[in-house]
Amino acid sequence: MDAYRIQSKIKSKVRELESERSDARSRLRTTERQSSQLHREREGLYVQLAQFYLPEMEAGQIQDTISGIQNRVEFIFKRKLQRQEEIDRLISDSSQARSILEEELEVLVKETDEKEIRMEELREATANSLSENQEYQDLHAQAKKANARLERTKKRAGAFTDIKEKRTRSYRRNRLFEYLNDRKYGTEHYLASGLVRKMDNLVAKVVNYERLKKNSEEMGTAHYEMQKVVEQRQTDLDLLVQQIASIEEETSLEMGLIGATEEYRAKALAKDNKNSEVEQNNQAFVRYTAEDKQLEDTQGRYYGEAIQEILKLLKNESMHKLKERARDTQSPRDDKIVDRIEEIDGMTEGIENRIKDLRKDQYKLDEQISGLESIKRKITYNSFDSSRSYFDHFNMDALLVGYLAGRESSSSVWRTIDRNHHERPRPSYQSSSSYSSPSSFSSGSGFGGGGFSSGGGFGGGGFSSGSGF
């Protein structure tokens, strides 16, 4: 299994979930409209009862009150519906844009992979050409010897430094020696006279100051000379490495490696930029779905407050009298109105429960889509879609089924993918970057030192997209 098939399976599931989400959204909107219509019908029926039985002034007052509340509810619902329609459109546009971006990213991933393969082929061809270059091989042989000498010298210099520091610490623990040394005893800067000079002379004989001072100075001189030898051997090696890098650059140019490296770098950058666009699109999608959820909660609360005001009104004495009066009369017309009110009350409860269930379904689908999109981005971000990537056998279909059933989280799905991922190592060739020499000698040929930031370094490894070695 490769990353392409894994991502194809994920994309297929995302498309299925987005289709389900669109259907759930449509059912939710239809159900909300039904609820609104029933509320308006219910309020109108109470107005009819009031007009039947209450005095004209009281009936008109109730009608005005209900109408006012009804207008408020309708305004809230209209404002909510407008924003919901806008959010629906934004979510739909975001999904469509994501599909286009992912198709473009898929093309760039493939092209980047092809450029990397071509670059690796040219790197191998360049290495083969250099292996037949006698001057290049002779320089490498000299550089290997120079590098070995440098390392041996550094090791000795390091050991000598340790001894020097240990001796220096022992001298400093000798307080009499330190006393004389601080007073610059035995030098032209020593200014003591008389009794003090006599006492200092006596102290110098006791601690054998002249011998210790001579040893300290000789060790300092030897340490300085040792560092000079290290510097010289580093310079000798640097000159050889510079010549090696120059031949590498010339050969890389002839073989087309420099151009191939630049093309790869451009494609890799384009892929990274496109990946950033996909990430921005996903962040926008998450914001829209979060606002959608918040909109439902907020407007639901406001809508509930308005309905509560209506319910308070309907529970007052006049509303209660309306129902009693309707039941006491022989007229079938008012009984039908009351029956319809009670029927609506029963229907409304079921519809509100249906709305809650549809919202839960929608939010669940939003979370599942976001989780799968996160997995897809991680695959691309970690370069699992590179031609060098491969996976152990595992059942991706079963993993996705478990995720959609709630038995797996997006994190656990990713961990399984990550755990089964492997990467074929890049071939490693002898180059100027193989030595203890500053990377500043890297020529940028695509073959030289590890400091080549574009990722084409022949012996490098400094490019995060994974082209150096």
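The table below gives the values:
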| read-out | value |
| --- | --- |
| For the range 187-227, the spread of Cα positions along each principal axis, largest first, Å | 43, 22, 7 |
| Charge dipole magnitude, Cβ of K and R +1, D and E -1 - the range 214-253, Cα centre, debye nearest 20 | 240 debye |
| Candidate residues Met396, Met347, Met226: accessible-area rank, largest first, probe 1.4 Å | Met347, Met226, Met396 |
| Length added when fully stretched, Arg83-Glu20, from 0.36 nm per residue minus Cα-Cα | 20.5 nm |
| Cα→Cβ-extended label distance, 7 Å offset, between Ser193 and Arg388, nm | 7.8 nm |
| 1.4 Å probe accessible area per residue over the range 81-159, in Å² | 56 Å² |
| Distance from the range 261-278 to the range 349-390 (C-alpha centre basis), Å | 26 Å |
| Of Lys11/Lys293; Lys164/Lys228; Lys9/Lys376; Lys110/Lys378; Lys293/Lys356, those spanning more than 21 Å from alpha-carbon to alpha-carbon | Lys11/Lys293 |
| Residue-level accessible surface for Ser389, protein heavy atoms, 1.4 Å, Å² | 10 Å² |
| Sum of side-chain charges, Ile344 neighbourhood, beta-carbon under 9 Å (Lys, Arg +1; Asp, Glu -1) | -2 |
| Gain in span if fully extended, Glu210 to Leu295, counting 0.36 nm per residue against the direct Cα distance | 21.7 nm |
| Pairwise FRET efficiency - Ala148 versus Tyr171, Cβ, R0 = 41 Å, nearest 0.05 | 0.70 |
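The values are calculated or read from the model by the stated rules, or taken from the named source; none is laboratory data. Computed from a predicted model, the values in this text were never measured in an experiment. Every residue, glycine as well, gets a Cβ built from its backbone with ideal geometry; the counts of neighbours run over all protein chains shown. Calculation scope for accessible area: heavy atoms of the full protein, side chains included, ligands and nucleic acids excluded. Shrake-Rupley method; radii C 1.70, N 1.55, O 1.52, S 1.80 Å.
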